[in-house]
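Trainee: The structure under discussion is supplied below as structure tokens; questions concerning it will follow.
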Amino acid sequence: MTAVFLGIPTAPRGVGHLRGEESFPDAARGALRNGQLRANLGHATSTIRGKRAHVVGELTDWAQLREAGRAIKAATMARLDEHLIALEEQVTARGGTVHWARDANEANEIVTRLVRATGTTEVVKVKSMATQEIGLNEALEAAGIAAHETDLAELIVQLGDDKPSHILVPAIHKNRAEIREIFLRTMPGVDPGLSDDPRKLAMAARAHLRERFLRARVAISGANFAVAETGTLAVVESEGNGRMCLTLPQTLITVMGIEKVVPTWRDLEVYLQLLPRSSTGERMNPYTSLWAGVTPGDGPQEFHLVLLDNGRTAVLADEVGREALHCIRCSACLNVCPVYERTGGHAYGSVYPGPIGAVLSPQLTGVEDNASLPYASSLCGACYDVCPVAIDIPSILVHLRGEHVEAQTRTTPEAAAFRALSRAMSSPRLWRLAQRAAGLGRFLARGKPTMPNALPFPASTWTRSRDLPTPPAETFTQAWAREHGG
Amino acid sequence: MTAREEVLGRIRRALGEDRAEVPEIARDYRLTDGRDPGDPALLDLLTDRLEDYKATVVRCAPADIGGAVTTALRTALGEHSPGDVVVAPGLPAEWRPDGAAEDDGRPAVALADHAATVTGVSVAVAETGTLILDGSPLCGRRALSLLPDCLVCVVEAAQVVGGVPEGLAKVDAVAPLTLISGPSATSDIELERVEGVHGPRTLIVVLVA
Ligand code: SF4
């Protein structure tokens, strides 16, 4: 059963950040030429990989936790309507107000209206994928409301008028010298003698934001989890900017994708073990805030929860693709992905990069709007192995490739090529064979940046209409097998 | 149709008419680590994990809590005036440093004027080095453990449990909870860890046994 058939809309065009301006191969080509980006990414992903492996190895029951994490999400999705209604009931009973948003436009309108009602023209924000997805900052700006990002990396990205490139460390593509330059240029009253020592830079950010936190009247956050049976919301963070936003302002507005609900309080005992170890490679992140509605005398006295669809129900309608909604945004799959490590996050064109982005973005927008993303993978399977909730990303990728081909109504050469590629890519063995064949293409290209039209079928039908980057001497799969013995 | 009805309607269409039974979740991961709260091995583990995350741990006997807190504050702040320290309203009198102010419900931002805070905790999780504060009078409201730059938490041996499931089972799910594992930190610049961004830069745990 498909969403189109059931009349369930995907995320609308013209708002938010789920679609890139270029296709993945075009965007990746630029990124592949950026040596600084590749060096930063390589360092970051390998460091986090190592830390993750160490702390995951400490838990003797990781496999059981992972299976519980998967099962809870599957059970949640199977009764998503019931859990959302329970959540709404609990949040309301504890003094919060729940709003429902069909899509990005509606969520932006709701938040703008709520901020306007307080009479303020500036808000502080905690890093949140959902609000990036819907383009909330732009919507607020259009309404004359300044939204200040407070997570250090988000601040760097915002001040640099840039885009995040990693879920967990969004400014990983910037080095300390570049960050210093951004701070000197954009922070009013910053010490002109500021050095590029990370500690000094972090302290400059602290000073810059402190005043804002203390005067803020409205904060906007996302949520990592929401417990249906108690109405408890959870935000997991490191710096304390989240706590500032969740604690000091009078009004708190939380924007949450509907898939973030979990049925019971006990479910957090699973996710609060899986998430930090998979994400930052810590046994526990420095701060986790949990709150249910409003507590007199402690924290915001007005709480609004915005439940966002924006294509999620369309994903839910696909029995295979649905698993992408289980994602807890740990970013472990990014850090092991050989494609991500070389292209970085920007090439994916969406706020959701890497393997999870390749399966989530095309489903949220409809595969026709992100048609190249399901191909942004070598299907090596490393993402599945590290995923703390065991999302079978390679299978969803293959499934979406098939969907994309189905969606081509006319039988163009492209469709035929995709169909053949999809078949080849759906079998690791055939795919390896095809890649070896492409190695021959490299020889034929003789150092030219793009491939000639001399690839063996089926790839030839594809390269006839566009350039394919010259394959490296070693394919990702081969390099992976060599480096990881997999 | 309201947005609520529409989103719920979409979910029902997506899931279809006859829904399969949802299987029970197998919770065959470790629910306890077999040691009782306050077991000396758990206290050692907690100490190790806290220190790993750059917190300072001071051990003391039940009769010496006040002295240990005072000494810890002097080490962290140097010479200071008693009013630089603010304590949770439910903190036992014997734990309080002389002359410390009590959080009396003043506007939260006023707490930023203090250099240090002393609170108790609701429970501590050894395996992850996590302190859970629950907004009770002993722990104070959330802003209290956030704004002053130095946080001193008194943890009693019986409050120390093994793993995360045990810890979460002991707290009230609808209380305003803060899980604290070390001082605030960032690794956003070239992945270099910097302790102390917006939350307290210094975390001292007084472990009582
Ligand atoms: S798909 Fe899995 S590994 Fe990737 S971010 Fe989501 S939860 Fe983490």
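Trainee: Among B:ALA55, B:GLY99, B:HIS114, pick out the residue whose Cα is farthest towards the positive end of the charge dipole of segment B:48-119, where Lys and Arg carry +1 and Asp and Glu carry -1 on C-beta, about the Cα centre.
Mentor: Checked the options; the winner is B:ALA55.
Trainee: Report Rg (one decimal) and Dmax (nearest whole number) for segment A:111-226, counting Cα atoms only, units Å.
Mentor: Over segment A:111-226's Cα set, Rg and Dmax evaluate to 14.6, 44 Å.
Trainee: Counting only DSSP beta bridges with both residues in the protein assembly as shown, tell me the antiparallel percent, nearest 5.
Mentor: Values: 23 of 72 bridges.
The antiparallel proportion sits near 30 percent.
Trainee: Using the 10 angstrom Cβ neighbour count as an exposure proxy, how do A:ASP385, B:ASP188 rank, fewest first?
Mentor: Numbers: A:ASP385 13, B:ASP188 30.
Placing the least packed residue first, the sequence is A:ASP385, B:ASP188.
Trainee: Next question. Counting only other chains, what is the mean number of Cβ atoms within 10 angstrom of the Cβ of each residue in peptide A:234-241?
Mentor: 6
Trainee: Mind listing which GluC sites (Glu not before Pro) in segment A:280-366 are in a DSSP loop and have 14 or fewer other Cβ atoms within 10 Å?
Mentor: Details: sites: A:GLU282, A:GLU302, A:GLU319, A:GLU323, A:GLU341; in loops: A:GLU282, A:GLU319.
When the GluC sites (Glu not before Pro) of segment A:280-366 are filtered for loop state and at most 14 Cβ neighbours within 10 Å, A:GLU319 remain.
Trainee: OK, next. In this model, which of A:LYS125/B:LYS54; A:LYS73/B:LYS54; A:LYS260/B:LYS170; A:LYS200/B:LYS170; A:LYS125/B:LYS170 are farther than 29 Å apart at the alpha-carbon? Before the final figure, lay out the partial values.
Mentor: Details: A:LYS125/B:LYS54 27 Å; A:LYS73/B:LYS54 34 Å; A:LYS260/B:LYS170 24 Å; A:LYS200/B:LYS170 40 Å; A:LYS125/B:LYS170 31 Å.
Exceeds cut-off: A:LYS73/B:LYS54; A:LYS200/B:LYS170; A:LYS125/B:LYS170.
Trainee: Another one. In terms of the Cα gyration tensor, with a ≥ b ≥ c the square roots of its eigenvalues, is segment A:304-399 rounded because a/c is under 1.5, prolate because a/b exceeds b/c, or oblate?
Mentor: Numbers: a/c = 1.44, a/b = 1.37, b/c = 1.05.
Cα axes put segment A:304-399 in the rounded bin.
Trainee: Which of the three applies to segment A:67-143, rounded, prolate or oblate, going by the alpha-carbon gyration tensor with a ≥ b ≥ c and a/c under 1.5 meaning rounded?
Mentor: Working: a/c = 2.48, a/b = 1.73, b/c = 1.44.
Because a/c hits 1.5 or more and a/b exceeds b/c, segment A:67-143 counts as prolate.
Trainee: Taking H as built 1.01 Å from N, whose amide H comes closer than 5 Å to the amide H of B:VAL154, not counting residues under 5 places away?
Mentor: For B:VAL154, the qualifying residues are B:THR119, B:GLY120, B:VAL121, B:VAL206.
Trainee: Using 7 Å Cα-to-Cβ label points, what is the A:THR264/A:LYS163 separation (nm, one decimal)?
Mentor: Inter-label distance under the simple model: 4.3 nm.
Trainee: While we're on this one: With +1 assigned to the C-beta of every Lys and Arg and -1 to the C-beta of every Asp and Glu, and no other charges, what is the dipole magnitude of the protein assembly as shown about the Cα centre in debye, to the nearest 20?
Mentor: The calculation lands at about 2440 debye.
Trainee: Could you give the length gained on full extension between A:THR97 and A:ARG13, defined as 0.36 nm per residue of separation minus the Cα-Cα distance, in nm? Provide the component values of the computation, followed by the final result.
Mentor: Details: separation 84, 0.36 × 84 = 30.24 nm, distance 2.83 nm.
Value of the extension gain: 27.4 nm.
Trainee: I've got another one for you. Give the average, rounded to an integer, of partner chain Cβ atoms located within 10 angstrom of each Cβ in A:189-199. Please list the in-between numbers first.
Mentor: On the way: counts 0, 0, 0, 0, 0, 0, 0, 2, 3, 9, 7.
Average neighbour count from other chains, rounded to a whole number: 2.
Trainee: Next question, about the same structure. Taking GluC sites (Glu not before Pro) that fall in a DSSP loop and have at most 10 other Cβ atoms within 10 Å as cut points, what is the longest piece of chain B between them? Walk me through the numbers on the way to the answer.
Mentor: Details: sites that count: B:GLU17, B:GLU21, B:GLU24, B:GLU79.
The longest such stretch corresponds to B:80-209.
Trainee: Grab the beta carbon distance between B:HIS80 and B:ASP48, set R0 = 30 Å, and tell me the FRET efficiency rounded to 0.05.
Mentor: 0.50
Trainee: Then there is this: As a footprinting exposure proxy, order B:THR32, B:THR117, A:THR10 by other Cβ within 10 Å, with the fewest listed first.
Mentor: Details: B:THR32 13, B:THR117 26, A:THR10 23.
Lowest count first: B:THR32, A:THR10, B:THR117.
Trainee: Where q = 0.09, 0.13, 0.14 Å⁻¹, what log10 of I(q)/I(0) comes from the Debye formula for segment A:34-312, counting one point per Cα?
Mentor: Result of the Debye calculation: -0.45, -0.94, -1.09.
Trainee: Of A:LYS200, A:LYS174, how do they rank once you tally other Cβ atoms within 10 Å and put the fewest first? Write out the running numbers ahead of the final one.
Mentor: Values: A:LYS200 18, A:LYS174 24.
By the 10 Å Cβ count, ascending: A:LYS200, A:LYS174.
Trainee: Something else: Which angle from 0 to 90°, rounded to the nearest 10, does the C-alpha axis of helix B:40-52 make with the longest principal axis of chain B?
Mentor: Helix B:40-52 and the main axis of chain B meet at about 90 degrees.
Trainee: Taking the simple approach of a point 7 Å from Cα along Cα-to-Cβ for both A:ARG215 and B:ALA61, what is their distance in nm?
Mentor: Taking the simple label geometry, A:ARG215 and B:ALA61 are separated by 5.3 nm.
Trainee: Right, something else. State whether chain B is rounded, prolate or oblate according to the following rule on the C-alpha gyration tensor (a ≥ b ≥ c being the square roots of its eigenvalues): a/c under 1.5 gives rounded; otherwise a/b larger than b/c gives prolate, and the remaining case gives oblate.
Mentor: Working: a/c = 2.15, a/b = 1.62, b/c = 1.33.
The shape class here is prolate.
Trainee: Using only Cα atoms, tell me the angle between helix B:65-77 and the longest principal axis of chain B; keep it within 0 to 90° and round to the nearest 10.
Mentor: For helix B:65-77, the angle is close to 90 degrees.
Rule-based calculations on the coordinates, nothing more; no lab input. Bear in mind that the values here come from a model prediction, so they are computed numbers and not experimental data. Ideal geometry is used to build each Cβ from the backbone, glycine not excepted, and the neighbour counts take in all protein chains shown.
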